[in-house]
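> Okay, here's the structure, questions in a sec.
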Amino acid sequence: MSSQNETSGRLTTHVLDTASGKPAANLRIDLLRLENEQFSALRSTRTNQDGRCDAPLLAGAEMRAGTYELHFHVGAYLGEQQTDGSLPFLDVVPIRFGIGDEGAHYHVPLLVAPFGYSTYRGS
């Protein structure tokens, strides 16, 4: 693999609150990697006011082929948005995905509302 590919690969995400029509700010996200049938925690971060992380979750030499999970802590976020004190329907939303090309940009957005979510591979 060329040195350009080794430094260009990255993993990013963002979270949009489709109920409010706004970015989901201050939402905790954990990144885990599956190795030998065990998940290991790589990092934990929070979204900024734009619903994005301030830096890629993986980049450069950290970007390795394999199976990963993002854990979006939407229950805590939604609980802060609710005013009636009820327990949110969703709690931690896990998204398991594979990285096959270490030189590529993998973008995993989450669209979330109180009773559902969707994701896709973005650009």
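> Could you please tell me which pairs satisfy a Cβ distance under 8 Å, a separation of 6+ or placement on different chains, a first residue in region 107-120 that is closer than 14 Å to residue 11 by Cα, and a second residue that is at pLDDT below 95?
Hits for this filter: 107/122; 107/123; 108/122; 109/122.
> Another one. Name the residue that is surrounded by the fewest Cβ atoms within 10 Å (Cβ to Cβ), counting only residues in region 37-82 that are of a type in the set (Val, Ile, Thr) and in a strand (DSSP E or B).
67
> Would you say residue 26 is touching a Ser or Thr at 6+ places or on another chain (Cβ under 8 Å), of a type in the set (S, T, N, Q) and assigned to a loop (DSSP other than H, G, I, E, B)?
Considered against the rule, which asks whether it is touching a Ser or Thr at 6+ places or on another chain (Cβ under 8 Å), of a type in the set (S, T, N, Q) and assigned to a loop (DSSP other than H, G, I, E, B), residue 26 comes out as yes.
> List, please: which pairs have Cβ atoms under 6 Å, are six or more places apart or on different chains, and start with a residue in region 54-70 that is within 11 Å of residue 8 (Cα to Cα) and in contact (Cβ under 8 Å) with a residue 24 or more places away in the chain and end with one that is open to solvent by 50 Å² or more (accessible area, probe 1.4 Å) and in a loop (DSSP other than H, G, I, E, B)?
As it stands, the answer is 63/102, since those pairs meet every condition given.
> Still on this structure: When you look at residue 24, is it in contact with a Phe, Trp or Tyr (Cβ under 9 Å, 6 or more places away or on another chain), among the small types (Gly, Ala, Ser) and either open to solvent by 60 Å² or more (accessible area, probe 1.4 Å) or in contact (Cβ under 8 Å) with a residue 12 or more places away in the chain (or both), yes or no?
Criteria met by residue 24.
The values are calculated or read from the model by the stated rules, or taken from the named source; none is laboratory data. Everything numeric here is computed off the predicted structure, so don't read it as measured data. Note that we place each Cβ from the backbone using ideal geometry, even for glycine, and neighbour counts take in every protein chain shown. Just the protein is used for accessible areas: all its heavy atoms, side chains included, with ligands, DNA and RNA removed. Shrake-Rupley method; radii C 1.70, N 1.55, O 1.52, S 1.80 Å.
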